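Bear in mind that the values in this text are calculations on the coordinates, not laboratory data. These numbers were taken from a predicted model, which means no experiment stands behind them. All Cβ positions, glycine included, derive from the backbone under ideal geometry; neighbour counts span all protein chains shown.
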Amino acid sequence: MVKEIERAGIPVVHVCTVTPISMTVGANRIVPAIAIPHPLGNPSLTPADEKQLRRKILTTALDALSTEVDGQTIFEVK
Amino acid sequence: MKLEVGYIQIRDIQTADKSSVKDGILYVNTKELEALALEDEHLKAVCFDVARPGESIRITPVKDVIEPRAKVEGPGDVFPGVITKLNTVGSGKTHVLQGAAVVTVGKIVGFQEGIVDMAGIGAEYTPFSATYNLVVDFTPKDGLTAHEYEAAIRKAGLKIAYALGKLGVNVTPDEVKTYEYPSIMEAIKKYPGLPRVGYVQMLQSQGLLHDTYVYGVDMKQSLTTMLSPTEIMDGAILSGNCVSACDKNTTYHHQNNPVIEDLFEEHGKTLNFCAMIITNENVYLADKERSSDWTAKLVDYLDLDGVIISQEGFGNPDTDLIMNCKKIEETDTHTVIITDEYAGRDGTSQSLADADPKADALVTAGNANQVITLPKLDRVIGTLDYTEKIAGGYAGSLEKDGSITVEIQAITGSTNELGFSRLSAR
């Protein structure tokens with residue numbers, strides 16, 4: 001899906017847990033997620049901490065979307 | 001470690017007033033076994049059936065398959081840390097009721113259990129069509145969570161298999177095999193010219209009912225570690241898996257791991273089988289990195305020449321497989337990986353979710369997406385309620401005439417990545 005959308009000229013950020021697979025399939029902008037059963041959150045955190053975590057993943061993804069890349073790049077969530 | 005395994009050939013299972021093994025017949029008092037299973041307060045009812053090779057029977061949803069075994073001599077007993085006391089197993093003597101199996105049935109997840117056909121084309125895709133099966137169908141008490149239900153079935157199945165195994169303790173086996181697994185130093189001294197070969201067995205540990213237990217420890221909580229292959233024969237590794245039926249290792253697979261059997265067969269002839277390493281397949285990327293680092297570290301530390309790696313399951317564990325392979329190859333150790341494929345129904349899609357040029361020696365156990373039509377069989381043990389939802393099934397799988405069209409993914413053990421299957425290629 002990542003590749004097909006990019007083929008249509010729209011940049012894509014792939015947020016995924018297993019970044020090596022994302023690299024293998026050819027995504028250009030990759031943001032590491034938390035875990036396979038809960039990629040965009042962490043149920044072991046308090047709701048407040050989890051909200052902050054989710055926001056960080058999202059802002060990292062938005063930053064990645066607006067960043068020029070020369071090749072496949074992983075944007076770590078800070 | 002030295003383990004003597006005595007195989008008692010079982011040629012039928014029959015219900016009787018007294019449980020015993022006599023002249024190759026396993027007689028079972030199901031009332032006694034029912035009482036044993038219902039010791040667990042989570043279970044409401046249990047129902048027994050016998051399914052024999054060639055009978056027109058479909059068993060589904062199958063959870064686990066267990067071979068009845070018990071120890072005759074030596075420290076500990078089978079399934080240590082789970083239903084017997086914690087003790088290091090793998091030495092002494094063990095008796096096996098070969099040809100018999102306990103098949104546990106229950107709708108835990110529903111779509112992640114399997115199908116075993118005792119006759120017809122489906123029977124050719126599962127090894128458990130060739131065993132005499134005591135099928136145990138468990139009904140949980142109301143309000144039980146899936147996790148509690150899984151744990152209850154897992155333990156009850158093991159207890160039944162152990163109770164049956166104990167019936168063979170005083171029976172003279174038809175065949176005895178001895179497996180010797182010396183210390184690494186001894187092994188290297190004994191066969192100085194032979195390549196040192198290890199086996200890295202990957203165990204499903206993704207959580208959410210995709211779990212494997214080692215001496216009672218949930219493998220996702222363990223780092224990569226080592227044990228003797230004879231410990232595995234004594235039930236040190238148990239399946240707690242509700243996952244696609246084709247390539248999960250049931251407890252029976254662990255008890256009879258063909259990679260271990262074949263490495264023992266070649267040991268001292270063409271190779272020196274001197275290391276058994278087990279590792280996990282977790283859902284955090286950091287865990288995948290850490291466990292594969294550890295696998296490669298152990299291989300390097302042991303100075304092995306070659307390693308066989310077997311995977312369990314598919315999808316994200318393909319990454320664990322490739323990480324293990326790549327990192328071990330980087331220690332100048334040759335690897336061969338055993339996996340299966342999800343190459344689409346026409347076989348033209350990418351087979352694995354991950355890949356690397358270093359993974360250049362691979363054995364495939366088949367394409368799990370291959371579609372098959374299973375004819376109607378006379379009897380169903382369990383229920384067909386989940387046939388259209390089972391992994392490999394789809395809306396419309398169950399035809400009006402009672403036949404089922406599914407991917408072979410739905411058949412227990414069809415693409416087993418230990419090679420415990422009958423699939424081959426022309």
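Under a point-charge model restricted to the Cβ atoms of Lys and Arg (+1) and Asp and Glu (-1), what is the dipole moment magnitude of the stretch B:326-426 relative to its Cα centre, in debye to the nearest 20?
Values: 10 positive and 16 negative charges, 74 e Å.
Rounded to the nearest 20 debye, it is 360 debye.
Hull surface divided by four, with the convex hull built on the Cα atoms of the stretch A:2-74: how many nm²? Don't jump to the answer; show the numbers that get you there.
Values: hull surface 20.0 nm².
Over all viewing directions, the stretch A:2-74 projects a mean Cα-hull area of 5.0 nm².
For the peptides B:60-70, A:26-36, residues were scored by their other Cβ atoms within 10 Å and the scores averaged per peptide; the highest-first order is B:60-70, A:26-36. For the stretch B:155-189, the residues whose backbone nitrogen is under 15 Å from a point 7 Å from the Cα of B:Asn87, taken along Cα to Cβ, are B:166.
Just for the protein assembly as shown, what percent of DSSP beta bridges are antiparallel, to the closest 5? Don't skip to the end; give the middle numbers.
On the way: 43 of 97 bridges.
Expressed as a percentage, antiparallel bridges in the protein assembly as shown total about 45.
Please identify which residues in the stretch B:3-47 have an amide N closer than 20 Å to a label point set 7 Å out from the Cα of B:Asp385, following the Cα→Cβ vector. Those under the cut-off are B:42-47. For the protein assembly as shown, the convex hull spanned by the alpha carbon atoms encloses 168 Å³ per residue. Computed from backbone phi, the HN-Hα couplings of the stretch B:122-137 come to x, 5, 6, 9, 10, x, 8, 7, 9, 9, 7, 9, 8, 8, 10, 9 Hz, rounded to whole numbers (Karplus: 6.51 cos²θ - 1.76 cosθ + 1.60, θ = phi - 60°; Gly and Pro given as x).
Which residue fluctuates most in the GNM of chain B (Cα springs below 10 Å): B:Asn367, B:Asn170, B:Asn249? Judging by the Gaussian network model, the answer is B:Asn170.
Would you please classify the overall shape of chain B from the alpha carbon gyration tensor, given that a ≥ b ≥ c denote the square roots of the eigenvalues, rounded means a/c under 1.5, and beyond that prolate means a/b larger than b/c while oblate covers the rest? Here chain B falls in the oblate category. For the stretch B:68-123 and the stretch B:308-382, what is the separation of their C-alpha centers, rounded to whole Å? If we compute the Cα centre of each part, the gap is 24 Å.
Within straight-line reach of B:Lys288, meaning a Cα separation under 20 Å, sit the following lysines at least 8 residues removed in sequence or on another chain: B:Lys220, B:Lys248, B:Lys297, B:Lys326, B:Lys327, B:Lys358.
Each residue of the stretch B:403-419 was assigned a 3J(HN,Hα) from its phi angle through the Karplus expression (A = 6.51, B = -1.76, C = 1.60, θ = phi - 60°), giving 7, 10, 10, 9, 6, 5, 3, 7, 9, 4, x, 5, 10, 4, 8, 9, x Hz with x at Gly and Pro.
Among B:Asp49, B:Asp23, sorting on how many other beta-carbon atoms sit within 10 Å of each Cβ, with the fewest leading, yields B:Asp23, B:Asp49.
Would you order B:Arg345, B:Arg52 from fewest to most other beta-carbon atoms within 10 Å of each residue's own beta-carbon? Show your work: numbers first, answer last.
Numbers: B:Arg345 11, B:Arg52 15.
Listing B:Arg345, B:Arg52 from fewest to most nearby Cβ atoms yields B:Arg345, B:Arg52.
Take each residue in A:13-23, count the other chain C-beta atoms within 10 Å of its C-beta, and the mean is 4.
Between the amide H of B:Ile411 and those of B:Ile115, B:Cys246, distances stay under 5 Å, these residues lying 5 or more places away or on another chain, with hydrogens modeled in the peptide plane.
What's the exposure ranking of B:Ser205, A:Ser22, going from fewest to most Cβ atoms within 10 Å?
Working: B:Ser205 28, A:Ser22 23.
Ascending number of Cβ neighbours within 10 Å: A:Ser22, B:Ser205.
Between B:Gly81 and B:Leu86, B:Asn87, the built amide H atoms are under 5 Å apart, and every one of these is 5 or more places off in sequence or on another chain. Sequence-ordered 3J(HN,Hα) estimates for the stretch B:184-195 from the Karplus curve with 6.51, -1.76 and 1.60 and θ = phi - 60° stand at 4, 4, 4, 4, 5, 5, 5, 10, x, x, 8, x Hz, glycine and proline given as x.
Determine which lysines satisfy two conditions relative to B:Lys85: a Cα distance under 21 Å, and not lying fewer than 8 residues away in the same chain. Correct list for B:Lys85: B:Lys2, B:Lys71, B:Lys93, B:Lys155, B:Lys159, B:Lys166.
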